[in-house]
Amino acid sequence: LLLFLFLLLFFFFFIFFPHFSLFTIPLFPLHIGVCWFDLDGDNKPYKTYQYHGKAVRQVRFHKTYNLMASCSDDGTVRVLHARVYDDLVRQPLIVPVRTLRGHAVTKDSLSVLDIVFHPTQPWIFSSGADGKTLLYQNLH
């Protein structure tokens, strides 16, 4: 049963980079980072990012902008510029852009539970365990 739950969580949290052979996995609940895998490469993570102090809950990519975001129980949403080149010789470019705050950490140590990008604008919505839904604009 535990193996089944682990596999369900593992596959549920695959987040694919649009139009490329890369994906990320938030390492909840075991880790505070995000693993970036190249499906054309090794079975080991290409990069592991640890921008959060507590469990990462979600990772999302914007469909039109080169933006990636992750949210965590530390109360923050991290926005990164993430660009993958068609030229396989060039390495992906991943640069931190902003750290967004606004959600409180509850007594159960929960905070930002989910994020989603606006389909056409560089905006992000977040929902938290504090009962708030927030909109962050002007991300880039």
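Answer yes or no as to whether L113 is under 12 Å from the mean Cα position of the chain (by Cα), crowded, with 16+ Cβ neighbours inside 10 Å, part of a strand (DSSP E or B) and of a type outside the set (D, E, K, R). Working first, answer last.
Working: under 12 Å from the mean Cα position of the chain (by Cα): yes; crowded, with 16+ Cβ neighbours inside 10 Å: yes; part of a strand (DSSP E or B): yes; of a type outside the set (D, E, K, R): yes.
So L113 passes the test.
The one condition from (1) in contact (Cβ under 8 Å) with a residue 24 or more places away in the chain; (2) over 20 Å from Y49 (Cβ atoms); (3) in contact with a strand residue (DSSP E or B) (Cβ under 8 Å, 6 or more places away or on another chain); (4) of a type in the set (S, T, Y) that T76 does not meet is (2). Selection of first residues in the range 81-102 that are outside any strand (DSSP E or B) and at pLDDT 85 or above and of second residues that are surrounded by 10 or more Cβ atoms within 10 Å (Cβ to Cβ) and not hydroxyl-bearing (S, T, Y), restricted to Cβ pairs under 6 Å at least 6 apart or on distinct chains, gives the following pairs, ordered by first then second residue: G102/L134. Please work out which residue is farthest from D114 (Cα to Cα), limiting yourself to the range 55-67 and to residues that are open to solvent by less than 80 Å² (accessible area, probe 1.4 Å) and of a type in the set (D, E, K, R). For the range 55-67, the residue satisfying everything is R60. Scoring Y49 on the criteria (1) surrounded by 20 or more Cβ atoms within 10 Å (Cβ to Cβ); (2) touching a residue at least 40 places away in the same chain (Cβ under 8 Å); (3) over 18 Å from G33 (Cα atoms) leaves a single failure, condition (3).
The values are calculated or read from the model by the stated rules, or taken from the named source; none is laboratory data. Keep in mind that what you see is a predicted model, and the values were worked out from it rather than measured. For neighbour counting, all protein chains shown are included, and Cβ atoms are generated from backbone atoms with ideal geometry for every residue, glycine included. Accessible surface is based on the protein model in full, side chains and every heavy atom, while ligands, DNA and RNA are left aside. Shrake-Rupley method; radii C 1.70, N 1.55, O 1.52, S 1.80 Å.
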